[in-house]
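Here's the structure we're looking at; comments come further down.
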Amino acid sequence: MRQKLTLPMTRHQISIQAQAATVTASTLAELLQQTGTKIMQFRDGLDINHRTAQRRIKEPETLTIKELLALAALLRVPEQQLVELIRDEYRSRPTPPDGEKPEPLVEPAEKRHSSPNTSVPKRGKK
């Protein structure tokens, strides 16, 4: 029977970064500002485009679970703290006055298309 040759284990120095500070923020935008996170880092960390990143900062309740998890990893904060921050930000947002509709997230179709209507009219019964 052949004996296996074992080599001594190599010791590696690994730096573990502890959380440097605690910040106080009321909104996601404030949290990003206080942590020094730029919109490009936010966008790349969440793997979203620039316009979506702007919307997520303005309306963080629209973050997907995947984006929330990526944001927690990016900022090195617990997911639950992010959820609570976003929940409180959403709840504290003023409601629009009666009779006024909130701004739509998507522009109406007639504003999006500048070209004339090129659809084929429906045929009527004969």
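The values are calculated or read from the model by the stated rules, or taken from the named source; none is laboratory data. Fair warning: this is a prediction, and the values are worked out from it, not measured in the lab. Just the protein is used for accessible areas: all its heavy atoms, side chains included, with ligands, DNA and RNA removed. Shrake-Rupley method; radii C 1.70, N 1.55, O 1.52, S 1.80 Å.
On the stretch given as the stretch 64-98, residues that are charged (D, E, K, R) and outside any helix (DSSP H, G or I) total 3. Within the stretch 24-63, being β-branched (Val, Ile, Thr), over 16 Å from Glu89 (Cα atoms) and either open to solvent by 70 Å² or more (accessible area, probe 1.4 Å) or assigned to a loop (DSSP other than H, G, I, E, B) (or both) holds for Thr35, Thr37, Ile48.
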